[in-house]
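The values are calculated or read from the model by the stated rules, or taken from the named source; none is laboratory data. Keep in mind that this is a model prediction, so the values were computed, not measured. We place every Cβ from the backbone using ideal geometry, glycine too, and count neighbours over all the protein chains shown.
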Amino acid sequence: MRRKLKIILLFSFVVTGILIPGCKKDNNDNGQNTLMTAKLDGHDWSTSEVYANNNSGYLNIVGSNPLKGTITFTLNDFSEGTFELGNDIHTFGTYTNKDQITYFTNPYGSGQVSITSIDTEGKYITGTFNFIAKSISGNSITATEGSFTTQYD
């Protein structure tokens, strides 16, 4: 089981390394705010540094706050709907805290991301999320009341 966790950890680092450079910061051309917010273990977390891209049908979303950490999602479809986290390696979420400890929804966590709207003209995407993610050491973190709005590539 530890081997599977190490493989998923390696996969997550590789995917994150590919996603973050490929994402572009929102320029707010149509006046919408770019924002991701959540409660992490009951504490407020937010950032205006949110990026998303449609990468060959996969939706990648990254919210980064240098003082509070980074939340990422990779979803196996670029469409409106609800996506279950923790079921397969193609749909997952992570949280990396400021100390670089990463928590994963796969394989031991769970959660959901709901894409509530995709504006194809303005290239904005909006959604909500919640999850329970676990670190390799077995510690967990819970995200509730999560939401995001950002422009996508």
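Within the range 85-94, the set of residues being surrounded by 19 or more Cβ atoms within 10 Å (Cβ to Cβ) and part of a strand (DSSP E or B) comprises Leu85, Thr91, Phe92, Gly93, Thr94. Evaluating Ser79 against the criteria (1) part of a loop (DSSP other than H, G, I, E, B); (2) buried (at least 16 other Cβ atoms within 10 Å of the Cβ); (3) of a type in the set (Ser, Thr, Tyr) leaves one unmet condition, (2).
The number of residues in the range 46-98 that are without any contact (Cβ under 8 Å) to a residue 60 or more places away in the chain, aromatic (Phe, Trp, Tyr) and within 19 Å of Ala143 (Cα to Cα) comes to 3. Taken over the range 95-109, the residue count meeting the criterion of being surrounded by 14 or more Cβ atoms within 10 Å (Cβ to Cβ), out of contact with any strand residue (DSSP E or B) (no Cβ under 6 Å at 6 or more places or on another chain) and of a type outside the set (Val, Ile, Thr) is 1. When the range 123-153 is filtered for residues that are free of Cβ contacts under 8 Å to residues at least 60 places away in the same chain and out of contact with any strand residue (DSSP E or B) (no Cβ under 6 Å at 6 or more places or on another chain), the ones remaining, listed by number, are Ser137, Gly138, Asn139.
Rundown of residues vs (1) farther than 22 Å from Lys39 by Cβ; (2) at pLDDT below 95, yes/no style:
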| residue | (1), (2) |
| --- | --- |
| Asn65 | no, no |
| Ile71 | no, no |
| Leu75 | no, no |
| Phe78 | yes, yes |
| Asn87 | yes, yes |
| Thr96 | no, no |
| Gln100 | no, no |
| Phe104 | no, no |
| Gly109 | no, yes |
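Restricting the range 27-52 to residues that are surrounded by fewer than 19 Cβ atoms within 10 Å (Cβ to Cβ) and modelled with pLDDT under 95, the residue that is nearest to Gly111 (Cα to Cα) is Asn33. A single member of Ile132, Ile118, Ile136 is of a type in the set (A, V, I, L, M, F, W, C) and either touching an Asp or Glu at 6+ places or on another chain (Cβ under 8 Å) or surrounded by fewer than 14 Cβ atoms within 10 Å (Cβ to Cβ) (or both), and it is Ile118. Restricted to strands (runs of 3 or more DSSP E) entirely inside the range 105-153, those with at least 1 residues that are within 15 Å of Leu40 (Cα to Cα), over 12 Å from the mean Cα position of the chain (by Cα) and among the aliphatic types (A, V, I, L, M) are 124-134, 140-151. The set of residues in the range 52-72 being outside any loop (DSSP other than H, G, I, E, B) and of a type in the set (A, V, I, L, M, F, W, C) consists of Ala52, Leu59, Ile61, Val62, Ile71.
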